[in-house]
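Below is one structure; the comments refer to it alone.
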């Protein structure tokens with residue numbers, strides 16, 4: 001399975017050009033991906049998208065005609081004219097899809113700290129080699145450390161819940177109703193922009209040994225070598241030094257299946273760098 005994850009900054013490059021087409025073209029050059037996970041996709045935020053009330057999920061769907069695309073809106077609100085505005089994450093895949101779920105993440109009050117709601121989209125796909133795999137993508141809070149830790153805890157709890165369902169599935173049913181038997185699997189991939197570095201406590205919580213441990217693909221391949229940076233390589237608006245904050249984590253059941261990880265350190269089509277991971 002080949003997966004690309006990328007915080008696209010509403011498909012805006014460092015040159016100020018907003019282009020879903022360019023995002024897709026760059027991702028395709030990086031890998032012939034089976035699944036692509038994109039964060040910061042906008043619907044009707046003209047101040048972000050050069051005055052155009054863009055439907056970026058719709059544009060991406062047209063640019064990926066052989067893929068099923070799912071848009072999870074972390075922010076779902078209405079503008080001054082009563083028109084909907086949405087902002088969130090996309091998962092697109094050419095693999096058979098078994099089920100899709102969208103989970104709001106915790107949003108505890110943090111007085112006078114800039115923040116917005118966050119979510120996690122889960123798409124279970126059928127890979128010809130690995131079988132069913134849960135692909136989970138998220139974008140954790142940037143400014144509020146309180147909220148980010150709550151969200152990291154929730155993502156691990158989600159993994160535990162899904163794993164428990166796989167280990168002890170519900171009663172089988174073939175009645176054609178919403179109770180009908182669905183696919184449960186221990187295999188999972190969690191990717192996205194976590195807005196934290198490997199030295200921070202949220203990372204330690206996600207990767208701590210025990211039930212529902214997440215394994216960092218970079219560490220599986222590179223041991224204790226320093227992560228290749230994925231943010232602030234070219235734009236230092238948010239800090240003086242490049243950092244790694246875009247990760248691909250895998251479940252215990254997949255930790256021996258990670259074969260390759262590549263960070264595209266050249267592109268400036270976003271303020272983040274895309275990451276490619278291959279599992280076999």
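Can you say whether residue 275 is in contact (Cβ under 8 Å) with a residue 24 or more places away in the chain and within 24 Å of residue 149 (Cα to Cα), as far as the supplied structure shows? The answer is yes for residue 275. Against the definition (modelled with pLDDT of 95 or more and more than 24 Å from residue 91 (Cα to Cα)), how does residue 233 come out, yes or no? Yes; evaluated as a whole, the condition is true for this residue. Among the residues of region 172-199, those identified as under 15 Å from residue 229 (Cα atoms) and assigned to a loop (DSSP other than H, G, I, E, B) are 194, 195, 196, 197, 198, 199.
Assess whether residue 127 counts as being surrounded by 22 or more Cβ atoms within 10 Å (Cβ to Cβ) and in contact (Cβ under 8 Å) with a residue 40 or more places away in the chain. Spelling it out, it is not the case that residue 127 is surrounded by 22 or more Cβ atoms within 10 Å (Cβ to Cβ) and in contact (Cβ under 8 Å) with a residue 40 or more places away in the chain. Residues in region 138-147: is at least one crowded, with 20+ Cβ neighbours inside 10 Å, more than 13 Å from the chain's Cα centre (by Cα), part of a helix (DSSP H, G or I) and modelled with pLDDT of 95 or more? Checked region 138-147: at least one residue is crowded, with 20+ Cβ neighbours inside 10 Å, more than 13 Å from the chain's Cα centre (by Cα), part of a helix (DSSP H, G or I) and modelled with pLDDT of 95 or more. Highlighted here are the strands (runs of 3 or more DSSP E) found entirely within region 1-95 that include at least 3 residues which are without any contact (Cβ under 8 Å) to a residue 60 or more places away in the chain and under 19 Å from the mean Cα position of the chain (by Cα): 35-43, 68-78, 84-93.
The values are calculated or read from the model by the stated rules, or taken from the named source; none is laboratory data. All values reported here derive from a predicted model rather than from experimental measurement. Don't worry about glycine lacking a Cβ; one is built from the backbone with ideal geometry, like all the others, and counts go over all protein chains shown.
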